[in-house]
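Values in this text are rule-based calculations from the coordinates and carry no lab data. Values in this document were obtained by computation on a predicted structure and should not be read as measured data. Glycine gets a Cβ as well: all are built from the backbone with ideal geometry, and neighbour counts include every protein chain shown.
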Amino acid sequence: MQFPQVRWITTAELAQWLSNPVRSQPLLLDARTQAEYAVSHLATAQQIDPIAPDLAALGQIDQATPLVVYCSIGYRSAKVAAQLAQAGFTQVYDLEGSIFQWANEARPLWQAEQPTTKVHPYNAQWGLLLKPEYRAELQEELPLD
């Protein structure tokens, strides 16, 4: 609601897109902290700082490249998606439900180059949105932003 200009893509739509070798693949941007990203991420995703994203680092990417941004539940990624759209990227999508929904649907996750099923829970409260079998052990709580 706070980001009405942001377009959304469902996890089912993204999974279908990623499985279609004929369609131009999106650049996946993980708008979570490095600690969260290290636990797991979507295959080929690049981590982007959720608080101060380095949009200049994306300067070599064609602004018509499809970008799909995700975080834990969708708030941080919506902020980043809005900034990307404002910077001139024309095909920016926020993943509805983000990585929590992706994991809860038993979709593939990666830790480094290995498959995993665990996701960083962000904090004890948000972690309840993850099914217990997908919730990684919380080492430290992250501050709400």
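Between 0 and 90 degrees, the angle of helix 75-86 with respect to the longest Cα principal axis of the chain falls at about 10 degrees. For residue 92, nonlocal amide neighbours, meaning residues 5 or more places apart or on other chains whose placed amide H falls under 5 Å from its own, are 67.
Residues within the reach of a label modelled at residue 23 (point 7 angstrom out along Cα to beta-carbon, backbone nitrogen below 15 Å), restricted to region 86-105, are 91-96.
DSSP bridge analysis restricted to the chain gives an antiparallel fraction near 25%, rounded to the nearest 5.
The ellipsoid equivalent to the alpha-carbon distribution of the chain has semi-axes of 23, 17, 14 angstrom, derived from the gyration tensor eigenvalues as √(5λ) and listed largest first.
Computed from the Cβ-Cβ distance with R0 of 35 Å, the FRET efficiency linking residue 138 to residue 8 stands at 0.80. Length gained on full extension, residue 104 to residue 64: 11.3 nm, using 0.36 nm per residue less the C-alpha separation.
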